[in-house]
1. Scan the stretch 430-437 and give yes if some residue there is of a type outside the set (S, T, N, Q), surrounded by 20 or more Cβ atoms within 10 Å (Cβ to Cβ), in a loop (DSSP other than H, G, I, E, B) and under 22 Å from the mean Cα position of the chain (by Cα), otherwise no.
2. Against the definition (over 27 Å from ARG194 (Cβ atoms) and either open to solvent by less than 20 Å² (accessible area, probe 1.4 Å) or not in a helix (DSSP H, G or I) (or both)), how does LEU68 come out, yes or no?
3. Working only within the stretch 104-121, note down all residues that are open to solvent by 30 Å² or more (accessible area, probe 1.4 Å) and outside any helix (DSSP H, G or I).
4. I need every pair where a residue in the stretch 63-78 that is at negative phi has its Cβ under 9 Å from the Cβ of a residue that is open to solvent by less than 50 Å² (accessible area, probe 1.4 Å) and charged (D, E, K, R), sequence separation at least 6 or different chains.
5. Return the total of residues in the stretch 354-376 being touching a residue at least 40 places away in the same chain (Cβ under 8 Å) and either in a loop (DSSP other than H, G, I, E, B) or under 15 Å from ARG434 (Cβ atoms) (or both).
6. Within the stretch 120-133, does at least one residue satisfy the condition of being farther than 25 Å from ASP192 by Cβ and of a type in the set (D, E, K, R)?
7. Where in the stretch 173-273 are the strands (runs of 3 or more DSSP E), entirely inside, with at least 1 residues that are under 24 Å from LEU129 (Cβ atoms) and open to solvent by 40 Å² or more (accessible area, probe 1.4 Å)?
8. Hey, does the stretch 354-368 have a residue that's open to solvent by 50 Å² or more (accessible area, probe 1.4 Å) and hydroxyl-bearing (Ser, Thr, Tyr)?
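The values are calculated or read from the model by the stated rules, or taken from the named source; none is laboratory data. Computed from a predicted structure; not experimentally measured. Cβ sites come from the backbone with ideal geometry, for glycine too, and all protein chains shown count toward neighbours. Side chains are part of the model used for accessible areas, which takes the heavy atoms of the whole protein and leaves out ligands, DNA and RNA. Shrake-Rupley method; radii C 1.70, N 1.55, O 1.52, S 1.80 Å.
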Amino acid sequence: MKKLVLLLLLPGVMVFCLCMLVAADTQSHPQGDKTFPETEGILQLGKGNFNRALKKHKQLLVHFYTPLTSEGHRVAAAFESAAAELQGSEVKLAVIDVKKEKDLVKKLNVTGQPTIRLYLSGDINNPALCPVPQSSASILIWLQRRAGSPADLIVDLNQLEATEELTVVGFFKELNHEYVQVFYAAAIDLPDIRFVVMQSDELINKYSATQDVLLLRKSQRIQAYKMKPETSKEDLIVFISIYQMDPVTEYNGQTASQILGSPVLNHALLFVNKSSDDFQEIFSAFHSTAEAFRMKILFVLVNVEEHRNGRLMEYFRVRHFEAPHIRLVNLTDHMTYHLPSETLDVEIIKQFCHSYLEGKAKPKLQSEPIPEGWDEKPVKELVGMNLEKVAFNPNKTVFVLFYVSYSEKSRSMFPLWEELAEALKDREDVVVTRIDASANDINMSMQGSYPSLCLFPALYAERVVVYTGKRKIKDLVKFVDKEMKKAKKDRVKEDEDRRKYIEAMKEEEAKENKSKDEL
């Protein structure tokens, strides 16, 4: 007890003791700090040592690694190569296995995969998100641009190489202009694309540059962009990302992530046999249409002869013999539209695209056959043919689970849905159902990804309420009760309005009959 008091009273002694402990710890671990195990120069972090690593390294670049995924392996390879290049630098690289460190990942609010974050000066709350790298060079360039300035991008005419890759050229006389800051911010977020700044009149004259930003490929002008005071970094990134791709992009393993990551959410897919006699004619019409709808619709070619495209064709329920076949799909509401024509020329494809953008195109409905005994089990099995008839029943509250059969996340909802149906089985005015959205086209806008839980109240109005709460039986029942109570009030008004409408119609009919009798 006396020793404890002495230490508290003498901070100098305390410091001395701490120094001795550190020295002893260093001697006991001559090979390095075992609390920070490393592999190929990369720290292996977890819940036990993450905070200490954060305090120790001013710049900590962390890869949240997802094992057993091709994308995770690809990013991991790029990360390891970058680590070799960054040995001895101020940036320390680390990896966290998201499968093993679920609590830490949840605490750090890491959702997307794969994820790379840069933590600065021990700040755990505001990391910088590194774009998903295509190679180790992507990571190195991102770090370099973050630490640099627009002046680092300045080149002259001799340095502008004729390359196959896209080059984004900014024509700026003054580097302190606000447009330059937007340009450089876009350069940081797009490390896989070459950005340069030019200031010479000779260059401006060569490309007749009246715009601020020019896209070049093989020293040829692709497109130009005029910066405005309201232009944001995101606006410029959208423009560059779209024109980085060809007017028509063929779907394959290399382009899939680029297509799905495009800021354009309207996609036109041409399912076609590339070896067919009419391929060149059809592709030419598709390509010409694509040029006219840049920034609005992304045009994608799917070769039905390529067996690796089988899963995509299965998703859209397109069979080999149906090619050539054009579908339009919006990645937000998951609704698809089929071009109803056997002839695929420029005029017909353009008309279809205009109709879609104007909201006039009709979605293509597909439905499985109504299964025998579909309404005999606690959870009723719906298909496209009977979805609206059952869901919009004005005398029933219908709770529908929209799922996709190939998704493990969707299938994991089945036990909970069975439990909900069992809990509500004695309520004759409540129906619990489910429908496979991958096998049946849904003629209504869906919010968010699958599985989606939607309640259709017992009303004449076709109202849909999307459930976004906790997926627990108690919360689901509470939600049903709340919506039923709300719908009950609305139904009183509906019934009154319907009564008045019927009476008005009867009066009108009586007047007409009286007039006929008088005649």
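1. Looking through the stretch 430-437, at least one residue is of a type outside the set (S, T, N, Q), surrounded by 20 or more Cβ atoms within 10 Å (Cβ to Cβ), in a loop (DSSP other than H, G, I, E, B) and under 22 Å from the mean Cα position of the chain (by Cα).
2. It is true that LEU68 is over 27 Å from ARG194 (Cβ atoms) and either open to solvent by less than 20 Å² (accessible area, probe 1.4 Å) or not in a helix (DSSP H, G or I) (or both).
3. Of everything in the stretch 104-121, those that are open to solvent by 30 Å² or more (accessible area, probe 1.4 Å) and outside any helix (DSSP H, G or I) turn out to be ASN109, THR111, GLY112, GLN113, ARG117, LEU120, SER121.
4. Pairs that qualify, where the first residue is at negative phi and the partner is open to solvent by less than 50 Å² (accessible area, probe 1.4 Å) and charged (D, E, K, R), are HIS63/ARG117; PHE64/ASP97; PHE64/GLU101; PHE64/ARG117; TYR65/ASP97; THR66/ASP97; PRO67/ASP97.
5. Number of matching residues: 6.
6. Within the stretch 120-133, one or more residues are farther than 25 Å from ASP192 by Cβ and of a type in the set (D, E, K, R).
7. Per the criteria, 194-198.
8. Checked the stretch 354-368: no residue is open to solvent by 50 Å² or more (accessible area, probe 1.4 Å) and hydroxyl-bearing (Ser, Thr, Tyr).
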